[in-house]
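Read through the structure below, which is laid out as structure tokens, and then see the notes.
Read-outs throughout are calculated quantities, based only on the coordinates presented, and are distinct from any laboratory measurement. What you see is a predicted model; the values in this text were computed from it and never measured. Every residue, glycine as well, gets a Cβ built from its backbone with ideal geometry; the counts of neighbours run over all protein chains shown.
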Amino acid sequence: MPAEFGIVYPLWDYAADEGRFLERLVGEVPIDQVTVPVISGAWTAFRPVVGGDFPFFHTDGGWHYRPSSRPYGGGAIRPRKARWFSAGDQLAQLCTRPASLGVRLIARIDLRAVRSVIEDQPHVAQRTAWGQETPDSGACICNPDVREALRAVCEDLARYSPAGYELVNWAPDHDAGAAARDFAWDPDLARLMSTCFCAACRQVAGRAEIDVDQVARSVRVSIERRLESPPGTAALEADAAISAYRAARAADCAAWLRRLAEAEPERRRLLLRDLGSPPLESCAPWTHRVRLGRAPLAPRWSAALAAARECGGVSMPAWLPAVDGPDDLVRWVHESVQAGVSLIDFEGVTEAPATCLTWLRQAVRFARRG
Ligand SMILES: [Zn+2]
């Protein structure tokens with residue numbers, strides 16, 4: 001199957017120039033899809049080409065379109081429209097364009113990154129093995145209110161008829177604030193610290209006849225033991241009870257996602273996770289993609305390519321500082337396609353100088369020649 005290509009394209013960039021940059025890009029770079037963040041956390045960008053006289057942009061996050069109230073009526077979590085736009089509905093306007101541009105539109109949903117979700121409903125926060133809330137980790141996806149909110153989002157978005165949905169970091173125990181933690185230096189420690197023991201997780205594991213209190217004790221003891229280990233010490237041996245606790249909740253989340261997809265079988269389903277985050281198990285029709293982030297890619301390339309090959313899709317940066325120049329981008333895109341990666345999105349294109357389009361054109365055309 002030939003590889004497909006796309007870009008990540010925020011609605012505030014569409015609003016800034018009414019889609020002129022997108023039209024130019026589609027004319028120069030042969031892409032198949034446009035991935036639009038429709039719900040996100042806080043976001044700050046500097047976009048020299050798209051922004052014109054107003055290149056700096058900031059949003060506190062939220063719903064970047066006009067949510068209707070009806071789909072959310074049965075749940076605890078209410079949609080919060082982002083404040084960067086007051087009039088119009090850019091998503092509705094943009095939706096009329098992709099068909100004429102010959103591309104499809106994928107709606108990227110990062111519900112867990114929306115701060116107001118936890119501020120409005122603190123009970124959906126993840127909890128540590130000590131029972132304490134960690135509000136900056138993001139909502140727990142085992143929580144029924146969080147799942148109902150995602151179901152409502154999909155119902156709400158159906159009126160825009162996107163070609164598909166892409167869910168960001170939708171896996172149990174994902175810690176949205178991990179990079180800022182004191183224990184981020186040790187993957188074992190970070191993983192243990194982020195293992196969630198909220199009421200919903202406890203209930204799911206309890207149904208699988210797991211002794212949750214005993215697992216929580218094991219996590220606390222393992223954390224203390226790990227804190228006494230110098231950096232670089234061999235990884236902890238897997239604790240069978242902790243592994244079973246993780247597996248039970250991952251299986252429950254995967255089963256729920258499969259049921260969610262039954263409502264609109266015609267739409268594509270993508271699960272995007274950050275490089276280094278543990279993947280959810282296979283849950284077709286959902287397919288996996290890994291996001292590489294903006295840090296320099298050269299020292300991380302072999303790990304990035306291995307992860308991209310394993311899940312078959314990648315969302316990669318297209319400019320400095322991740323990519324040093326067009327030769328790197330051409331080579332990495334080519335290697336990804338050769339390794340069997342079938343879907344490649346480019347991130348940060350609207351935040352780069354116009355030369356980025358030349359890099360992209362070279363990389364995509366070379367990869368398409370195969
Ligand atoms: Zn939980």
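A few notes on this one:
- Added length on full extension, which subtracts the Cα-Cα distance from 0.36 nm per residue, Arg331 to Arg225: 33.8 nm
- Principal-axis tilt of helix 326-338 within the chain, Cα atoms, nearest 10 degrees: 60
- Degrees separating the helix 301-311 axis from the principal Cα axis of the chain, which is the longest one: 80
- Anisotropy class of the stretch 14-105 from Cα gyration tensor, a/c 1.5 cut: oblate
- Whether the stretch 131-229 is rounded, prolate or oblate, judged on the alpha carbon gyration tensor where a/c under 1.5 counts as rounded: oblate
- Distance histogram in 5 Å bins (all Cα pairs of the stretch 266-305, percent per bin): 6, 21, 26, 20, 13, 10, 4, 1
- What the Kirkwood sum gives for the chain is a hydrodynamic radius of 21.5 Å, with every pair of different alpha carbons counted.
- Gyration tensor (alpha-carbon) shape descriptor, the stretch 57-196, a/c threshold 1.5: prolate
- Semi-axis lengths, Å, the stretch 288-370, gyration tensor of Cα atoms, sqrt of 5 times eigenvalues: 18, 14, 11
- Peptides 248-261, 142-155, ordered by how many other C-beta atoms sit within 10 Å of their residues on average, highest first, read 142-155, 248-261.
- Proximal charge balance of Val349 [Cβ under 10 Å; K/R count +1, D/E count -1]: -3
- Net lengthening on full extension, Ala234/Glu23 (0.36 nm per residue, minus Cα-Cα): 70.8 nm
- The stretch 155-194 - Rg and Dmax from Cα coordinates, angstrom: 16.0, 44
- In the chain, a dipole from Cβ-located charges (positive for Lys and Arg, negative for Asp and Glu) runs towards its positive end, and of Ala158, Ala107, Cys140 it is Ala158 whose Cα lies farthest in that direction.
- Computed as a quarter of the hull surface, the mean projected area of the alpha carbon convex hull for the stretch 187-237 stands at 3.8 nm².
- Rounded to the nearest 10 degrees, the angle from helix 212-227 to the longest Cα principal axis of the chain is 80 degrees.
- Computed on the Cα trace of the stretch 204-295, the radius of gyration divided by the Kirkwood hydrodynamic radius gives Rg/Rh = 1.07.
- Here's how it looks for Arg291: its modeled amide H is under 5 Å from those of Arg273, Asp274, Leu275, Ser315, which are all 5 or more places away or on a different chain.
- Trypsin sites (Lys or Arg not before Pro) lying in DSSP loop within the stretch 1-96, provided at most 16 other Cβ fall within 10 Å: Arg83
- Set of the stretch 1-35 residues, backbone N closer than 11 Å to the point 7 Å along the Cα-Cβ line of Ala92: none
- For GluC sites (Glu not before Pro), the sites in the stretch 193-251 that DSSP calls loop and that have at most 11 other Cβ atoms within 10 Å are Glu209, Glu228, Glu237.
- Here the Gaussian network model covers the chain, with springs between Cα atoms less than 10 Å apart; of Gly41, Gly232, Gly19, Gly232 fluctuates the most.
- Dipole magnitude for the chain: about 640 debye, using +1 per Lys or Arg Cβ and -1 per Asp or Glu Cβ, origin at the Cα centre.
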